[in-house]
Amino acid sequence: MFKKKAIKETTQAVSLITLADRTSPVSEQYRTIRTNIQFAMVDKELKTLIVTSSGPGEGKSTTSANLAVVFANSGIRTLLVDADLRKPTVAKSFGLRNHHGLSNLLSERDAKIQNVVQSSGIENLTILSSGPKPPNPSEMLGSMRMHAVIKEMRDAFDLVIFDMPPVVAVTDAQVVASQVDGTIMVVREGVSNKNALIKAKSLLEMVNANMLGVVYNGSTRNVDQGYYYYGA
Amino acid sequence: MEETISLQEIFGIIKKRLALIITLMFIGLGFSAVMTFVVMTPKFSSSTQLIVKLPRAAEGTNSNVNDVNFNLYMITTYKDFITTSNTLAESTQEIVARETNFKGSAADIQAMLQVTQEQNSQMFSIKATSEDPKIAQAVANTAAQVFQEQAKETLEVDKVSIIAPAPLNVSPISPNNKLNLLIGLVLGLMVGVGISFLVELLDKTVKDDKFIRDVLGYSVLGTVPEMTAKELSGQVIQKPVETANVRNNVTNPTPNNPVPQTRRQRNRV
């Protein structure tokens with residue numbers, strides 16, 4: 001008979017609360033966000049969405065990764081794409097290598113999605129890391145090849161989540177926002193600047209981005225006080 | 001847009017900046033302690049009590065209320081005489097300089113002297129304040145004696161009686177240690193609270209989701225609370241990572257299996 005080849009077991013530290021503790025109030029909030037996203041476009045097909053913010057350090061990568069996990073947990077075949085070609089984090093979060101990824105797909109005409117995606121180890125969740133850092137990320141993301149890649153992703157998966165760089169800092173998010181079904185903005189309490197958010201809004205409106213809503217991150221107020229009691 | 005601040009928000013700001021406020025309170029306390037115990041020189045005072053009688057009315061005439069009122073009225077004159085008379089100050093200065101190690105001028109003597117009177121009383125006190133309790137005592141007693149001598153010839157006052165000579169007071173009248181420390185503490189608190197509100201006013205970051213709804217006009221999909229240390233520390237998960245090259249081991253997507261899955265390498269037994 002067949003015997004499985006020994007698989008090397010390693011412990012990976014990942015910032016995925018939805019995986020580490022599914023019963024925590026934080027995980028519950030991500031599930032609430034998932035439900036609200038599904039209701040946001042109940043009459044339209046939502047297969048591709050981007051997660052962005054006005055500035056750095058607001059929790060885009062954490063939000064996109066945790067959302068990808070909760071969508072996958074609900075049986076939706078999800079692809080998490082690290083579209084932050086400048087400061088990629090997704091591969092590291094899931095303990096994967098970043099030798100090949102989105103940049104390869106965009107630069108190599110004959111590259112196939114199935115050759116660059118990686119298994120996350122979570123059912124229904126596939127990862128496409130950023131790949132080697134290119135010299136011209138904005139041009140690559142705005143290319144015709146990107147259009148074709150997004151179309152290919154739509155056909156292969158139920159949901160594609162793009163982890164994008166900040167809107168105000170670079171044009172990457174603007175470029176991709178015009179090509180996807182929905183945009184989610186991450187706002188962090190005490191970090192997100194009001195003026196930067198207003199600017200981000202106008203930049204996204206310029207490309208007719210379909211704003212689904214905002215994920216309010218790092219709240220110091222008790223958002224789910226009753227949850228603890230309910231679970232007791 | 002008009003911004004309002006609730007009582008809850010005020011307490012929230014204070015709670016948020018409590019460390020800063022407490023720090024500044026202690027800085028204020030420390031500053032006032034240094035000022036009180038190191039910088040400020042303690043001052044001592046000593047008072048001598050006197051009573052003055054005007055010349056008696058002529059024989060056969062009755063002393064009436066007007067005389068008493070005039071007596072009281074004259075005490076104001078005595079006050080001015082003691083505090084402004086150069087001759088009194090000079091005489092006092094000479095005597096005090098002889099008796100103690102006082103090296104001040106007549107003007108310094110005038111600055112040290114103060115006259116107080118109880119309301120509607122013919123008694124009054126000469127109070128002297130100095131950095132040396134012995135000098136304060138000497139100035140008060142000497143000034144009373146000099147006034148006693150000079151009042152007769154200058155003011156034609158019949159009798160000046162020294163009721164109680166000035167004692168030696170070794171406990172300082174200033175600085176008031178407790179009051180100064182309290183002032184330092186309160187000032188520190190006020191500065192701390194002031195800075196806290198100023199920082200909050202100048203802080204242009206988002207404080208609550210009200211800004212998202214009211215200004216940006218976006219809906220809030222969800223509010224993710226700040227993760228606790230326990231939640232952050234619990235984020236290590238056991239996950240098998242395949243060492244084989246994943247890129248070369250994926251199946252093509254099919255309608256039944258649209259998600260490319262990693263093909264596990266198997267060996268025949």
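Annotations
- Relative contact order (%) - criterion: Cα under 8 Å, at least six apart; region: the stretch A:17-231: 29 percent
- Simple Cβ-charge dipole of the stretch A:17-231, Lys/Arg +1 and Asp/Glu -1, about Cα centre, in debye nearest 20: 300 debye
- Fraction of antiparallel bridges per DSSP, the stretch A:43-169 only, in percent to nearest 5: 15 percent
- Shielding of A:26-33 by partner chains, average beta-carbon count, 10 Å: 3
- For chain A, modelled as a GNM whose springs connect Cα atoms under 10 angstrom apart, the maximal fluctuation among A:118, A:179, A:38 occurs at A:38.
- With a 10 Å cut-off around each Cβ of A:185-196, the average count of Cβ atoms from other chains is 5.
- Dipole moment magnitude, nearest 20 debye, the stretch A:52-110 about Cα centre, only Lys, Arg, Asp, Glu C-beta charged: 100 debye
- Neighbourhood charge, 9 Å Cβ-Cβ cut-off, centred on residue A:60 and excluding it, Lys, Arg +1 and Asp, Glu -1: -3
- Mean per-residue shielding of peptide B:41-51 is 0, counting Cβ atoms of other chains within 10 Å of each Cβ.
- Note on chain A: antiparallel DSSP beta bridges, both residues inside, total approximately 10 percent of the bridges counted.
- Only alpha carbons enter this Debye calculation for the stretch A:17-231, each as an equal point scatterer, and the log10 of I(q)/I(0) it gives at q = 0.16 Å⁻¹ is -1.07.
Any read-out appearing in this document is the output of simple, stated calculations on the displayed coordinates, not a laboratory observation. Since the model is a prediction, treat every value here as computed from it, not as a measurement. Please note: Cβ atoms are built from the backbone with ideal geometry, for glycine as well, and neighbour counts cover all protein chains shown.
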